Amino acid sequence: MGNKVERFFKIGCFCIMMISALNVGAQNLINGKKIFETRCLACHQSDGGGVPNMNPPLDGSTNVNGKDIARMVKIIQNGYDERVALDGMYYNNAMIAMPDLKEDAIADVLSYIRNSWSNKAGLVTLAEVKKSISKNKVNKK
Amino acid sequence: MKKGLSILSLFLLVLSIVGKAQENAGLRLPAGFKASLFADNIGSARHITITKSGVVFAKLSNPNKEGNAIIRLEDANHDGVADNITGWGKYGGTGIYVKGNSLYASSNEAIFKYELNSKDEVVNPSNPVTVVSGLINRRQHESKSITFDKGNNVYVNIGAYSNSCQTKDRTPGSQGMMPCPILDSAGGIWKFDGTKENQTYKDGKRYATGLRNVIGLDWNTETNQLFVMQHGRDQLNTLFPNLYNDSLNAELPAETFYAINEGDNAGWPYVYYDPSQHKKIVAPEYGGDGKKEGAKEYKDPAVAFPAHMAPMGVLFYTGTQFPEKYKNGAFITFHGSWNRAPLPQEGFFVAFVPFKNGKATGEWEIFANGFGGNAEGVKVINTGKAKARPVGLAQGPDGSIYVSDDTKGAIFKISYNK
């Protein structure tokens, strides 16, 4: 009997945790979409497909779906002004720095682009963004 | 049996759909015209040029799978499809032009000259003559298109390495630099002597200025005048959201076609052309509010096209194959926009500009459409999904015209049958 109650309680707890986790994820993705539409869409396009030879795609990109969160945080904060080779193609356009984008906004927009179109990578947390920023600072020194 | 029949009918249905899609290589053309696929998958083909014997040369923006960035295409059996395709050259670029027995090709910094033999084969593929070098390439608007006048002068665009000469390029709220320091070495058309070697900026002449970026240009031999298509500025909405919303940005500014005389100034970055007001408007980076009119000294366009469609090639038609109305008029390729987002994109077609007595009438029409793979009445939403994007234009010795594409590298041949 006691065991049953405990199990029921555990499952219930787990469910509540999952639902709240999903909710947090959903809210982050909604915020991320808004940021994407105002800051990123013009160049990377609504399907994340980019523009050949100019603006690299986010959809299907190994960088966007990859593990190097610090690199992506750095590109958003500092911009990017090099010809980039990505998945066998070259892209020329520079990306502007967005120093005004807050840490939680960076987490949300990264979560959004990593989970849109055909992308199915992990959400990016605020803690990961903070960690990335300090890592990038150390590397700069 | 029944199953076999239904499979067969399905097969026939698929065949008929595929067959239909292939008609005119997927293009929509005026009555009497037909198109065929002269070549496909040659690499990202930018400009093309054709010799008197009908050999086509294409310049690729990057070396293709075989490592070649200049491609020679010959239709030896005259069936309308290239059957002898060879290549050379390691440098990517855009410009290519046959002048007499010389073939000129451009990288993003230089112009090279090759020699052709009597079979229109290149004699010196690995050691061309350097005609001009050291032209500015800062990756943005880096391509160097070329054309010639009736003599031996070569005209090359040097695109501005900037959107609108802001202190911080493409950064919201950043003001325009006054005067714009880019214009001394870019943002215009430069003229060089095509017969000389090893020229740099000091040997050339700034022929026209205030042109943000030109890719399509051609010499009108009827009027003896240079015509260029400018790529208008981007991002009015994202840089100045208080003045321009997404809908205004999608329609501003016009892509402009200019009849250029030596010394002309088209006004970039200080003004842009508003196609609905029919006026040059002061750029917001220079104190404009979307209404304030720009200085009269700047050139007015001969034709204003819808915004952001990215004009890539200009060809004055001098052949006799096409109906009379096309004679001495201009064909213009539109690569297809990306900066109309979030609204649907425009372009991905070849336009025709009629000329009367050496002057553009101001009208224009779509000549060949459907390059993007989009059905009639359907728009391309995202540029990356376009099947083909038209770039180069050239006229064959029989009066057919050829159109290149820089996605996979198709070359379309368009002819007229009475």
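The values are calculated or read from the model by the stated rules, or taken from the named source; none is laboratory data. Not measured: the values here are computed from a predicted model. Here Cβ is always computed from backbone atoms with ideal geometry, including for glycine, and neighbour counts include all displayed protein chains. What goes into the accessible areas is simple: the full protein's heavy atoms, side chains included, and nothing from ligands, DNA or RNA. Shrake-Rupley method; radii C 1.70, N 1.55, O 1.52, S 1.80 Å.
Could you give the size of the charge dipole of the protein assembly as shown about its Cα centre, using +1 on the Cβ of each K and R and -1 on the Cβ of each D and E, expressed in debye and rounded to the nearest 20? Display every interim value, and only then the final one.
Details: 64 positive and 53 negative charges, 314 e Å.
Its charge dipole is roughly 1500 debye.
With runs of 4+ DSSP H residues as the only contributors, calculate the mean residue ellipticity of chain B at 222 nm using -39,500 (n - 2.57) per run, divided by the residue total and rounded to the nearest 500.
On the way: 3 runs with 31 residues, N = 418.
That calculation yields -2000 deg cm²/dmol at 222 nm.
For the pair B and A, how large is the buried accessible area, both sides, in square angstrom to the nearest 100, if the probe is 1.4 Å?
On the way: alone 18120 and 9490 Å², together 25940 Å².
Roughly 1700 Å² of accessible surface disappears when B and A pair.
At B:Q225 and B:E109, where each label point lies 7 Å from the Cα along Cα→Cβ, what is the point-to-point distance in nanometres?
Once both label points are built, they end up 3.7 nm from each other.
Within region A:2-140, what whole-number % of the accessible surface is contributed by carbon and sulfur, with the 1.4 Å probe and all protein chains included in the calculation? Mind showing how you got there, number by number?
On the way: 5120 of 8270 Å².
Heavy-atom surface of region A:2-140 belonging to carbon and sulfur, 1.4 Å probe: 62 percent.
Quick one: Debye curve from the alpha-carbon atoms of the protein assembly as shown only, equal weights, vacuum; give me log10 I(q)/I(0) at q = 0.09, 0.12, 0.13 Å⁻¹ to two decimals.
For the requested q values the scattering log ratios are -0.71, -1.18, -1.35.
Calculate one ³J(HN,Hα) per residue across region B:158-174 by plugging θ = phi - 60° into the Karplus curve 6.51 cos²θ - 1.76 cosθ + 1.60, and present them in order as whole Hz with x for glycine and proline.
Going residue by residue, I get 10, x, 6, 7, 6, 7, 8, 6, 5, 3, 10, 4, 6, 10, x, x, 5 Hz, with x marking Gly and Pro.
Rg to Rh for region A:2-140: what is it, with Cα atoms only and Rh by Kirkwood? Kindly include the intermediate steps, with their values, before the conclusion.
Values: Rg = 17.8 Å, Rh = 16.3 Å.
Looking at region A:2-140, the ratio lands at 1.09.
For a label point 7 Å from the Cα of B:N62 along Cα→C-beta, name the residues of region A:70-113 whose backbone N is under 15 Å from it.
A:82-94
For region B:52-122, run through the GluC sites (Glu not before Pro) and keep only the ones in DSSP coil with at most 11 other Cβ atoms within 10 Å of their Cβ.
Counting only loop positions with at most 11 other Cβ atoms within 10 Å, none of the GluC sites (Glu not before Pro) in region B:52-122 qualifies.
Based on Cα positions only, what radius of gyration and what Dmax would you give for region B:253-379, in angstroms?
In Å, with Rg to one decimal and Dmax whole: 16.0, 50.
Over region A:2-140, with the other protein chains present, what is the accessible area per residue in square angstrom, probe 1.4 angstrom?
Working: 8270 Å² over 139 residues.
Counting only protein heavy atoms, the per-residue value for region A:2-140 is 59 Å².
DSSP loop trypsin sites (Lys or Arg not before Pro) in region B:92-196 with at most 10 other Cβ atoms within 10 Å of their Cβ, which ones?
Sites meeting the loop and neighbour criteria: B:K119, B:K150.
With +1 on each Lys and Arg Cβ and -1 on each Asp and Glu Cβ, how big is the dipole of region B:83-133 about its Cα centre, in debye rounded to the nearest 20?
On the way: 4 positive and 5 negative charges, 24 e Å.
Once rounded to the nearest 20, the dipole reads 120 debye.
Counting pairs of Cα atoms in region B:28-416, how many percent are more than 32 Å apart? Could you put the intermediate results ahead of the total?
Details: 22156 of 75466 pairs.
Result for the distance tail: 29 percent.
May I ask you to list the trypsin sites (Lys or Arg not before Pro) in region B:281-348 that are in a DSSP loop and have at most 11 other Cβ atoms within 10 Å of their Cβ?
Working: sites: B:K291, B:K292, B:K296, B:K299, B:K325, B:K327, B:R340; in loops: B:K291, B:K292, B:K296, B:K299, B:K327, B:R340.
In loop regions of region B:281-348 (DSSP not H, G, I, E or B), the sparsely surrounded trypsin sites (Lys or Arg not before Pro) are B:K291, B:K296.
So if I take the centroid of the Cα atoms in region B:120-150 and the same for region B:284-344, what is the distance between those two points in Å?
25
Under Stokes-Einstein, with the Kirkwood radius over Cα pairs standing in for Rh, what whole-number D in µm²/s applies to region B:127-267 at 10 °C and 1.306 mPa s? If you can, show how the numbers build up before the last one.
Details: Rh = 16.1 Å.
Answer, rounded: 99 µm²/s.
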